[in-house]
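Heads up, the thing below is written out as structure tokens.
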Amino acid sequence: MDQNTGVVPGQRVARLTHPVLGGVGLVALFGVIGFSFAGAARLLTATPEWGLLWLLVATLLIPASTVWVFKASRIAARKARVLVRSWTWWHPLWALVFFSMLVFRIREASAAGNNPVDAYGLLRVVPEILVGAILLVRLSMKRPFWLRDFLRGAVGGLGIYCLVCVASITWSVKPDWTAYKALEFSVDVSMMAAIVASANTWVDFKKLTDWTLCFFGLALAAVWVNMPFFPSSETWDGGRLTGVFPVESSNGIATEGAILGLIALCRLLPLSGRTKDRPWYSFVLVVSVVSMILTQTRVANIAFLFSVGLICLFHSQLRRMVLRCVSVVTPVVLVSIWIFPFAWHTLREQFITYMERNQPTGALLTLSGRTDWWAYGFKQWMQHPFTGIGAYAARFAVLDKLGVGSAAMMHNDWVEVFIGTSLWGLIPFAAALILSWWYLIRCIRSRGLFVSEQRQLALEMLACLGFLSLHSLVNDELSWHAPIMYLAVVAYAEGVRRRFRQIRQEDQDLADLRLKPIGYLVESPEPNHMTQ
């Protein structure tokens, strides 16, 4: 021990100042607190009936949660460094696909028809052209030769659907728009096929998932950053949280929040039982769920709960935990309803108000007018029952005629696909979804064939797939450029399918080996060699 310092040689000296409280940390601290209060003030002006409550919550929780937020930010910075070090050739291309899906302005269908590619449109077209060109170059060099993967397995279902969409250009009621959207979606699926072709282990699919989640996190962060800088009439469209720059609908925010929340929940309660980075994932879960609730997207909330149920179904530890909580909470709720009936009546009224979103009952029954769109779409399909009206042409053949040309999609993947490509596109499109469900469930249940990390990733992908499948009934989550999370799910399902095929091939090789003559197995021809 040093007589002057009292420090044992080799022992690390404790720092007198916490690293968070350094110069940069203090600036970030005051920035976070100031931004949070600015956001609370914006909520105060946007929703006067709840604004004081938001301001009170911010005053009480922001100081107490500062340490929690900074712990989460340090973990996020470490994860970002790991992600950067693990970059491969497809990471920047996948980022370009994400950038091309950003929207910076809303146009009517008539404006899009007269001027398909304006200045903002180039921000979508140029990245897709660049990605498509690089994929073709790599295909010619066989690095990798992704064309076979484009037409096989779960990816093949989407690949065949893309070919049908391209073929529908010849009979589309709006051939130029069909050509643009069909080629756009084909580039997305080709990019996924190239990633699958270059994947060597399940870790590559984990990288794809984490990279995709980064985009969702950035998009959700942009929505909250917009809040203090734009008028409340723009950030709160009818009392629903929306994005201003880039333009982000409430449905899109709900999807991002739900996906991030489901992944965070799965990683907070992993199948292996060992939780890592709890502050970060708990922070992501809270922010995501709050964002989703503020969008007041009804079906998204239901789909989120459905996916949570899926997680409980395939996660034995979580299932037991939920059953214990239900057994404890149910008697308490029943007693409180009996003692405080007026409080529960008020809570019920608030829930009904939240679900109705100040809309008349008819709007709720027609799903905000969607059923009228779908009915008219089927009428248009009846005029072309064998071929459909052309892929993605519903915006002009249906929505523009109904006077809702600002809506770019039918808000239902299955209606969009069916009226555009009839059964020719619907069958392979549905096959990709069914195969993804099948192989992900098999992976989770095959404990002897897959390690816990592989099954954990399958559970995360299944939760996302459950949400996307249910939400696709009222929104275009699977067929509209660019469904990057759905493509990541299909990619991992295809990886699981290949692993099962490899296992079957190994079993077959072993069985063939056992059927070979004994002399084939031994080097020496002596008859007693095997018995000895």
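The values are calculated or read from the model by the stated rules, or taken from the named source; none is laboratory data. Because the structure is a prediction, the values reported are computed rather than measured. All Cβ positions, glycine included, derive from the backbone under ideal geometry; neighbour counts span all protein chains shown. Remember, those area values only see protein heavy atoms, side chains included, never the ligands or the DNA or RNA. Shrake-Rupley method; radii C 1.70, N 1.55, O 1.52, S 1.80 Å.
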Among (1) part of a helix (DSSP H, G or I); (2) over 21 Å from Leu487 (Cα atoms); (3) open to solvent by less than 30 Å² (accessible area, probe 1.4 Å), which single condition is Trp381 missing? (3)
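Residues checked against (1) surrounded by fewer than 17 Cβ atoms within 10 Å (Cβ to Cβ); (2) modelled with pLDDT under 85:
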| site | (1), (2) |
| --- | --- |
| Leu265 | no, no |
| Leu268 | no, no |
| Gly273 | yes, yes |
| Arg278 | yes, no |
| Ser291 | no, no |
| Thr297 | no, no |
| Val328 | yes, yes |
| Trp344 | yes, yes |
Lone unmet requirement of (1) modelled with pLDDT of 90 or more; (2) open to solvent by less than 20 Å² (accessible area, probe 1.4 Å); (3) among the β-branched types (Val, Ile, Thr) for Thr235: (1)
Condition (residue is β-branched (Val, Ile, Thr), open to solvent by less than 20 Å² (accessible area, probe 1.4 Å) and more than 19 Å from Leu96 (Cβ to Cβ)) applied to region 186-193: is it met by at least one residue? no
When region 120-149 is checked residue by residue, the ones that are of a type in the set (Phe, Trp, Tyr) and open to solvent by less than 20 Å² (accessible area, probe 1.4 Å) are Trp146
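Residue by residue, here is whether (1) among the charged types (D, E, K, R); (2) closer than 29 Å to Ile263 by Cβ; (3) in a helix (DSSP H, G or I) holds:
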residue	(1), (2), (3)
Phe306	no, yes, yes
Ile311	no, yes, yes
Val322	no, yes, yes
Glu349	yes, no, yes
Tyr354	no, yes, yes
Asn358	no, no, no
Ser368	no, yes, no
Ala375	no, no, yes
When region 268-304 is checked residue by residue, the ones that are over 17 Å from Gly217 (Cα atoms), assigned to a loop (DSSP other than H, G, I, E, B) and in contact (Cβ under 8 Å) with a residue 24 or more places away in the chain are Leu269, Pro270, Leu271, Ser272, Gly273, Gln296, Thr297
For the subset of region 68-105 comprising residues that are within 19 Å of Pro483 (Cβ to Cβ) and of a type in the set (Gly, Ala, Ser), which member is least open to solvent (accessible area, probe 1.4 Å)? Ser100
Residue pairs within 8 Å by beta carbon, gap of at least six or interchain, first lying in region 240-256 and surrounded by 24 or more Cβ atoms within 10 Å (Cβ to Cβ), second acidic (Asp, Glu) and not in a strand (DSSP E or B), listed first then second, are Thr255/Glu477
For Gly369, are the conditions met, namely being out of contact with any Asp or Glu (no Cβ under 8 Å at 6 or more places or on another chain) and modelled with pLDDT of 95 or more? no
Being more than 25 Å from Trp438 (Cα to Cα) and either open to solvent by less than 40 Å² (accessible area, probe 1.4 Å) or hydrophobic (A, V, I, L, M, F, W, C) (or both) is the filter here; which residues of region 299-326 pass it? Met321, Val322, Leu323, Cys325, Val326
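Yes/no matrix, rows are residues, columns are (1) open to solvent by 10 Å² or more (accessible area, probe 1.4 Å); (2) at pLDDT 95 or above; (3) over 19 Å from the mean Cα position of the chain (by Cα); (4) not small (Gly, Ala, Ser):
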{"residue": "Trp414", "(1), (2), (3), (4)": "yes, yes, no, yes"}
{"residue": "Phe429", "(1), (2), (3), (4)": "no, yes, no, yes"}
{"residue": "Leu440", "(1), (2), (3), (4)": "no, yes, no, yes"}
{"residue": "Leu449", "(1), (2), (3), (4)": "yes, no, yes, yes"}
{"residue": "Gly466", "(1), (2), (3), (4)": "no, yes, no, no"}
{"residue": "Asn475", "(1), (2), (3), (4)": "yes, no, no, yes"}
{"residue": "Ala482", "(1), (2), (3), (4)": "no, no, no, no"}
Determine which member of the set Val173, Val166 is modelled with pLDDT of 95 or more, farther than 30 Å from Trp87 by Cβ and open to solvent by 20 Å² or more (accessible area, probe 1.4 Å). Val166
